[in-house]
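A short reminder: the numbers here are calculations on the coordinates, not readings from a lab. Computed from a predicted structure; not experimentally measured. Here Cβ is always computed from backbone atoms with ideal geometry, including for glycine, and neighbour counts include all displayed protein chains.
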Amino acid sequence: MASVETRGLTKQFGEHQPAVDRIDLLAADGEFLVLLGPSGCGKTTLLRMIGGLEPPTSGDVLIGGTVVTNLPPRARRIAMVFQSYALYPHMSVYDNIAFPLKAHHVPKAEMEQRIAWAARILGIEEYLKRKPRQLSGGQRQRVALARALVREPSVFLLDEPLSNLDAQRRASARDELQQFQRSIGTTTIYVTHDQVEAMGMGDRIAVINQGQIRQIGPPREIYDDPADTFVATFLGSPPMNLVNDDDAIVGFRPEHFHPAGTHQPQDSDRLFPFVAHREEYLGSERLIYGEIGSDKVVARFPATFVHQIEMGVPLEFKVAQRDLKYFDRETGLRLEGAR
Ligand code: ATP
């Protein structure tokens, strides 16, 4: 097991804006750290530099406290699983898993033992004789993980490993992967652009945009206390509402926006004039779309909240003071404290 650290890690392709821009990151020993951000923000490039597949333009990578920037991937005790599992189609599952061990001349008895162990942990014992094409996407993903696991790495680097699965399988694969990581305790860095995956799996999330870390922290902190308007609107579905407010921007989550007079009114509630235009019923919840002045906002209620919301007329809605977040209008950065 080992910590992973980057210091001022930068990658510039040609004359473009850096794909990864001076990133300082520390994943603690045994931590599950998620790199989350939109397409093209530099997540994969960052992961590839940590893995030794991409030489950095500047900066360093440390694994277990040792600088490995100039070491090849195989010297880093790292296992990588990518979006495309790249299993060898003509080999059985067993041979696929055995492949990296054979390459390292691991003795046969030990190899068999390690494969049996990984197959048991990942629940693929009954598929060992099959070819990859005879497996479902989720089973193939587990084989790819098993192949990474038998090498007994200090660090797992996973790049959107669940993206080939359908929604239902993704949910169970998320659960399996997280349980597996907890039981094995291997430091894991996991790249995704899916906020549900990030929120559900990460001990901490690093939110990345344009090659820079905008915020890093536990999922709840990122969601409740976004550092800027990018993070505020990248997490949450629907995202945080942002409303122009004198010289700042005020933000609040859709679930904190209620009709005045409901939800135990408090003195410190802030009232907003709200005009609702449309209601969406989603089974477990209701979304009410509308406007505060010229800003579009959404209210979210559990479906058990049956209160009728009238459309197209001025209403009074409220947000508790503690749920209001203020941001600088120019920079988008969070302003300290309530105002
Ligand atoms: P996605 O979620 O779409 O995979 P990402 O966040 O992983 O995106 P990267 O693949 O790291 O993003 O790419 C970051 C930026 O670097 C992009 O603008 C991309 O076009 C650019 N880039 C990546 N690899 C190269 C390369 N080999 N040569 C030139 N530019 C590259």
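For the chain, modelled as a Gaussian network with Cα springs under 10 Å, which listed residue fluctuates most, HIS104, HIS277, HIS258?
In the Gaussian network model the winner is HIS104.
Using a 10 angstrom cutoff on alpha carbons, build the Gaussian network for the chain and name the most mobile of ALA320, ALA303, ALA198.
The residue with the greatest mean-square fluctuation here is ALA303.
Kindly count the pairs of lysines across the chain whose alpha carbons are less than 27 Å apart, treating pairs on different chains or eight or more residues apart as eligible.
The number of close lysine pairs in the chain is 7.
Rounded if a/c is under 1.5, else prolate if a/b beats b/c, else oblate: with a ≥ b ≥ c from the C-alpha gyration tensor eigenvalues square-rooted, which is the stretch 34-94?
Here the stretch 34-94 falls in the oblate category.
Provide the descending list of Cα extents for the chain along its principal axes, expressed in whole angstroms.
Largest to smallest, the principal-axis extents are 75, 44, 33 Å.
According to the Cα gyration tensor, what semi-axes, each the square root of 5 times an eigenvalue, does the equivalent ellipsoid of the stretch 220-326 have, listed from largest to smallest in whole Å?
20, 16, 14
Sort the following peptides by mean Cβ neighbour count (other Cβ atoms within 10 Å, averaged over residues), highest first: 33-40, 1-8, 54-61.
33-40, 1-8, 54-61
Under 10 °C and 1.306 mPa s, how fast does the stretch 174-258 diffuse according to Stokes-Einstein, given a Kirkwood radius computed over C-alpha pairs? Answer in µm²/s, whole number.
Here the translational diffusion coefficient equals 111 µm²/s.
Cα centroids of the stretch 14-62 and the stretch 288-339: how far apart, whole angstrom?
Distance between centres, Cα-based: 35 Å.
I'd like the distance separating the alpha-carbon centroids of the stretch 161-213 and the stretch 235-256, in whole Å.
Comparing the Cα centres of the stretch 161-213 and the stretch 235-256, I get a distance of 26 Å.
When the expected Rg is taken as 2.2 N^0.38 Å, what fraction or multiple of it is the alpha-carbon Rg of the stretch 101-217?
Compared with the compact-globule rule of thumb, the stretch 101-217 sits at 1.17.
Take every DSSP beta bridge with both residues inside the chain and express the antiparallel ones as a percent of the total, to the nearest 5.
Of the beta bridges lying entirely in the chain, close to 75 percent run antiparallel.
Can you compute the charge dipole magnitude of the chain about its Cα centre, using +1 on each Lys and Arg Cβ and -1 on each Asp and Glu Cβ, nothing else charged? Give it in debye, rounded to the nearest 20.
In debye, rounded to 20, the chain gives about 1800.
Using a simple charge model, +1 on the beta-carbon of Lys and Arg, -1 on the beta-carbon of Asp and Glu, nothing else, what dipole does the stretch 192-339 show about its Cα centre, in debye to the nearest 20?
In total the dipole reaches around 140 debye.
What base-10 log of the normalised intensity I(q)/I(0) is obtained for the stretch 264-303 from the Debye formula, alpha carbons as equal point scatterers, at q = 0.15, 0.17, 0.23 Å⁻¹?
After summing over all Cα pairs, the log10 values are -0.44, -0.54, -0.81.
Counting helices only, and only those DSSP H runs with n ≥ 4, report the 222 nm mean residue ellipticity of the chain as the sum of -39,500 (n - 2.57) divided by its residues, in deg cm²/dmol to the nearest 500.
One gets -7500 deg cm²/dmol as the mean residue ellipticity at 222 nm.
For the chain, what does the relative contact order come out to in percent, with C-alpha contacts under 8 Å and a separation of six or more?
The value is 17 percent.
Which log10 I(q)/I(0) values, to two decimals, does the stretch 43-136 give at q = 0.10, 0.13, 0.25 Å⁻¹ under the Debye formula with one point per Cα?
Relative scattering, expressed as log10 I(q)/I(0), comes to -0.37, -0.60, -1.23.
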